[in-house]
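Q: What follows is a structure written as structure tokens; I'll ask about it next.
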2 protein chains.
Amino acid sequence: MAKKPTLRDVSEATGLSSYTVSRALSNGPDVSAASRKLVLKAARELGYVPNRAAQELRKKSRSSVAVITASTSNYYYLDLMKGVQRVLRVSGRNAVVADIAAEGVYTPEVEDAIVQDLIQSRTAGIITTLTLSSENVKLLESWDIPVVFVDSAPPEDATQVPSILTDNYAASMKAGAHLARHGYTDWLFLAYPGRWSTRAERERGLQEAATKHGAALRVLETENDSDSACKTLSSYLNTPGRTLPRAIIAGNNPLLHGVLTALKQREIVVPTQVALMAFDEFAWAPLLDPPLTVVDEDSESIGVLAAQTLTRILDGQLEAERRGDPPVPSYRPEDRREVNADLIVRQSCGC
Amino acid sequence: MAKKPTLRDVSEATGLSSYTVSRALSNGPDVSAASRKLVLKAARELGYVPNRAAQELRKKSRSSVAVITASTSNYYYLDLMKGVQRVLRVSGRNAVVADIAAEGVYTPEVEDAIVQDLIQSRTAGIITTLTLSSENVKLLESWDIPVVFVDSAPPEDATQVPSILTDNYAASMKAGAHLARHGYTDWLFLAYPGRWSTRAERERGLQEAATKHGAALRVLETENDSDSACKTLSSYLNTPGRTLPRAIIAGNNPLLHGVLTALKQREIVVPTQVALMAFDEFAWAPLLDPPLTVVDEDSESIGVLAAQTLTRILDGQLEAERRGDPPVPSYRPEDRREVNADLIVRQSCGC
DNA sequence: GCCTGCTTTCTAATCGTTTAGGTTTAGGTT
DNA sequence: AACCTAAACCTAAACGATTAGAAAGCAGGC
């Protein structure tokens, strides 16, 4: 098409002013049924499609929410998104995902760039699975963009910011207790870096369980992807004098994948030679060899909770703006929530 | 923040005009080093962040491309995205995914709504894994938005539109030949709906192989998600007088999940009672019980190819626009490409 | 002193919408 | 006839950036 039709073209075609056309197209008041029909017909015939950029520039209300994730190949995020989408859809907003570790590794520079980008596009609100830097949280706050933390905790000085966290400490205790019941006393926790705040809680819970039940816990840290996990575990087991632990706990889904491939390469059988447990339930867990015992966070309902909290805040901002007040996000104490996680016992633990 | 700083604020703070400020911030020419430094400093101090909507409205060049998928839980798309992202990143564009079957089911209305939405946001280009309606392809064309089809074929009357397709016919023949070599003569193909054009090719290849090797092929259609697949297969096997086939071929990744859960429920063991094969390789395939024989499309490199084709077209449009020509996408015959798929033989087929 | 050419800067129009505030019109009341 | 009301519509000013086109400043050459 040589020239894309604009509102003005529709206006000229119908003989009505841009005001009336705009109202007609957005189903607003102050338009007669006859005019509305006329406008819609002309718009269709001309192939008019409104320009989102112009709309957003003019009206202040933004409508899309961003979900910040690290490594989309983690099943946890897929379920989370499902929950988020379901809630946002009904309030007419939409979610986009911003993958902060798209290339596999996290860097503070990428974090800054993504936050910068989200401000540029005047995102309505943010749900983040990563602990953002204190500076970035403040920056977003200064732009009146509400943030909800899921899975990862907010930075320490952001005491008001909402969060939906899992009680990873309790969950890890449960996991440890189960291992102890099997009589295993030699555990290895393969962990992602401490940048994700769940890491510390999970380690703390396992440690507590270990000392309580007289077991020994070793912690092995790796980058947050399958390949690194596989290599880290392999080279750990390769170092002479190292004994195979009786039980391995994989810190999350990609790490589990790394562990399983490493074990398969060395033909170590689960659970007879090593017991295996992992954090984060996912669709293929029951179909693995052997079916996997996991700590289940129910990430979909966490997504629902997070999205509900965010929509409430966003609606509050809209309301304030209509009153003429500044649209500062209002956080409530009950927006800081902690949910439980359960152990789904299958066979990889030895059951 | 009470009032968000705009370019104008930076301009007033520095005493320079908006022109100079704009140039300085976008690293353009025509601005002295001293002014540039001054502007950057002021911008930082004020906490200025450019308004994307205003930028996009003013300059014509759009920079984000959309990938249309159906059901993000299909691993195929994750790998595809990885390839797409990698290519786009270097040309300074970014990819967003538009999930057309977010709620699980596809409807033409959702397709229309998504296309409408992509035009509204003046998306630079589209990579789609779904055969769009002929009308939508024409609509996008009239807005000069180039489209590249991957996996699914373009509608029949869109003879110019680029596409990266897999030779599913040949791949299915290979798969069938392998089943025949095992001596299986009774095959069941669990297929997603024909809306995805690969369905027909895959069925045709399997059918051809079946007749060639004297086997019988039954085709069972199901909706394109795990749950439906599980239910469909279960009720198929439940109908009295139905015998268990000797081999099952799952049409794609979610369907495979459905098949495995259905088989597990009825305690049918693979591969001794039924052999199993599936389309689309994915990370967990080697770790399933038993390790899965799959047809591998190498979706990551398909993503790379698609993104390369699209960037070439987009660059061409930019070039044309600079010359003052209309930015119609120019398609080349070699943009219609077909890639091969291989069989990755593991153990679920009986090997 | 005038002209030329170069760099740096400014002015003002523009992109395509929405909307505050005002005006017209039709119809009803008194 | 004079006045009022509400619905329907219009005019024109935003929103916040980019960018032609014009202009100012400066150096060097004649």
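The values are calculated or read from the model by the stated rules, or taken from the named source; none is laboratory data. Just so we're clear, the structure is a prediction, and the values are computed from it rather than from any experiment. Ideal geometry is used to build each Cβ from the backbone, glycine not excepted, and the neighbour counts take in all protein chains shown. Protein only, heavy atoms only, side chains kept; ligands, DNA and RNA dropped before computing areas. Shrake-Rupley method; radii C 1.70, N 1.55, O 1.52, S 1.80 Å.
Q: So residue B:251 fits all but one of (1) more than 14 Å from chain A (Cβ to nearest Cβ); (2) open to solvent by 10 Å² or more (accessible area, probe 1.4 Å); (3) in contact (Cβ under 8 Å) with a residue 60 or more places away in the chain; (4) of a type in the set (Gly, Ala, Ser); what number is the exception?
A: (2)
Q: While we're here: It is to be established whether one or more residues within the stretch B:114-121 are in contact with a Lys or Arg (Cβ under 6 Å, 6 or more places away or on another chain), within 30 Å of residue A:84 (Cα to Cα) and within 13 Å of another protein chain (Cβ to nearest Cβ).
A: yes
Q: Looking at A:322, A:346, A:336, A:246, which one is within 26 Å of residue A:165 (Cα to Cα) and out of contact with any helix residue (DSSP H, G or I) (no Cβ under 8 Å at 6 or more places or on another chain)? Let's see the steps before the verdict.
A: Numbers: A:322 fails: within 26 Å of residue A:165 (Cα to Cα); A:346 fails: out of contact with any helix residue (DSSP H, G or I) (no Cβ under 8 Å at 6 or more places or on another chain); A:246 fails: within 26 Å of residue A:165 (Cα to Cα).
Going through A:322, A:346, A:336, A:246 in turn, just one is within 26 Å of residue A:165 (Cα to Cα) and out of contact with any helix residue (DSSP H, G or I) (no Cβ under 8 Å at 6 or more places or on another chain): A:336.
Q: Of all the residues that make up the stretch A:43-65, how many are at the interface with another protein chain (Cβ under 7 Å from one of its Cβ atoms) and open to solvent by 20 Å² or more (accessible area, probe 1.4 Å)?
A: Filtering the stretch A:43-65 down to residues at the interface with another protein chain (Cβ under 7 Å from one of its Cβ atoms) leaves A:47, A:49-54, A:56-57.
Applying the additional criterion that residues be open to solvent by 20 Å² or more (accessible area, probe 1.4 Å) yields A:47, A:50-52, A:54, A:56-57.
Here the count works out to 7.
Q: Just checking, how many residues over the stretch B:78-107 are touching a residue at least 60 places away in the same chain (Cβ under 8 Å) and open to solvent by 60 Å² or more (accessible area, probe 1.4 Å)?
A: The number of residues fulfilling the criteria is 3.
Q: Sticking with this structure for a sec: Does residue B:84 fit the bill of being among the β-branched types (Val, Ile, Thr), within 12 Å of the chain's Cα centre (by Cα), assigned to a helix (DSSP H, G or I) and within 14 Å of chain A (Cβ to nearest Cβ)?
A: Numbers: among the β-branched types (Val, Ile, Thr): yes; within 12 Å of the chain's Cα centre (by Cα): yes; assigned to a helix (DSSP H, G or I): yes; within 14 Å of chain A (Cβ to nearest Cβ): yes.
The answer is yes for residue B:84.
Matching residues to (1) modelled with pLDDT of 95 or more; (2) over 22 Å from residue B:168 (Cβ atoms):
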{"position": "B:238", "(1), (2)": "no, yes"}
{"position": "B:246", "(1), (2)": "yes, yes"}
{"position": "B:254", "(1), (2)": "no, no"}
{"position": "B:258", "(1), (2)": "yes, no"}
{"position": "B:277", "(1), (2)": "yes, no"}
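Q: What number goes with the only condition from (1) closer than 30 Å to residue A:87 by Cα; (2) at pLDDT 90 or above that residue A:48 does not pass?
A: Result: residue A:48 passes all but (1).
Q: Can you tell me which residue within the stretch A:23-39, out of those that are more than 8 Å from DNA strand D (Cβ to nearest atom) and crowded, with 16+ Cβ neighbours inside 10 Å, is nearest to residue B:58 (Cα to Cα)? Steps first, answer last, please.
A: Here is the first cut: in the stretch A:23-39, the ones more than 8 Å from DNA strand D (Cβ to nearest atom) are A:25-28, A:37-39.
Now restrict to residues that are crowded, with 16+ Cβ neighbours inside 10 Å: A:25, A:38-39.
Values: A:25: 23, A:38: 30, A:39: 26 Å.
If we take residues in the stretch A:23-39 being more than 8 Å from DNA strand D (Cβ to nearest atom) and crowded, with 16+ Cβ neighbours inside 10 Å, then A:25 is nearest to residue B:58 (Cα to Cα).
Q: Of all residues in the stretch B:108-126 being loosely packed, with under 15 Cβ neighbours inside 10 Å and in contact with a helix residue (DSSP H, G or I) (Cβ under 9 Å, 6 or more places away or on another chain), which is farthest from residue A:5 (Cα to Cα)?
A: First, the residues of the stretch B:108-126 that are loosely packed, with under 15 Cβ neighbours inside 10 Å: B:108-109, B:113, B:116, B:120.
Those left that are additionally in contact with a helix residue (DSSP H, G or I) (Cβ under 9 Å, 6 or more places away or on another chain): B:116, B:120.
Numbers: B:116: 14, B:120: 12 Å.
Of everything passing the filter in the stretch B:108-126, B:116 is farthest from residue A:5 (Cα to Cα).
Q: Given the condition more than 16 Å from DNA strand C (Cβ to nearest atom), open to solvent by 30 Å² or more (accessible area, probe 1.4 Å) and within 8 Å of chain A (Cβ to nearest Cβ), answer yes or no: does some residue in the stretch B:66-77 qualify? Break it down stepwise before answering.
A: Just the residues of the stretch B:66-77 that are more than 16 Å from DNA strand C (Cβ to nearest atom), to begin with: B:66-77.
Restricting the remaining residues to those that are open to solvent by 30 Å² or more (accessible area, probe 1.4 Å) gives B:72-73.
If we keep only those that are within 8 Å of chain A (Cβ to nearest Cβ) as well, we get B:72-73.
Looking for residues that are more than 16 Å from DNA strand C (Cβ to nearest atom), open to solvent by 30 Å² or more (accessible area, probe 1.4 Å) and within 8 Å of chain A (Cβ to nearest Cβ), one finds at least one in the stretch B:66-77, hence yes.
Q: Considering only residues that are within 14 Å of chain A (Cβ to nearest Cβ) and assigned to a loop (DSSP other than H, G, I, E, B), which ones fall in the stretch B:1-17?
A: Selection gives B:1, B:2, B:3, B:4, B:5, B:6.
Q: Pairs please, first residue from the stretch A:18-36 and within 14 Å of chain B (Cβ to nearest Cβ), second anywhere and near DNA strand D (Cβ under 6 Å from one of its atoms) and small (Gly, Ala, Ser), Cβ atoms under 6 Å, 6+ apart in sequence or on different chains.
A: none
Q: Further question on the same structure: Looking at this structure, is residue A:152 part of a helix (DSSP H, G or I) and in contact with a strand residue (DSSP E or B) (Cβ under 8 Å, 6 or more places away or on another chain)?
A: So residue A:152 does not fit the description; no.
Q: Among the residues of the stretch A:269-290, count how many are over 16 Å from residue A:152 (Cα atoms), part of a loop (DSSP other than H, G, I, E, B) and either more than 11 Å from every other protein chain (Cβ to nearest Cβ) or open to solvent by 10 Å² or more (accessible area, probe 1.4 Å) (or both).
A: Summing the residues that are over 16 Å from residue A:152 (Cα atoms), part of a loop (DSSP other than H, G, I, E, B) and either more than 11 Å from every other protein chain (Cβ to nearest Cβ) or open to solvent by 10 Å² or more (accessible area, probe 1.4 Å) (or both) in the stretch A:269-290 gives 10.
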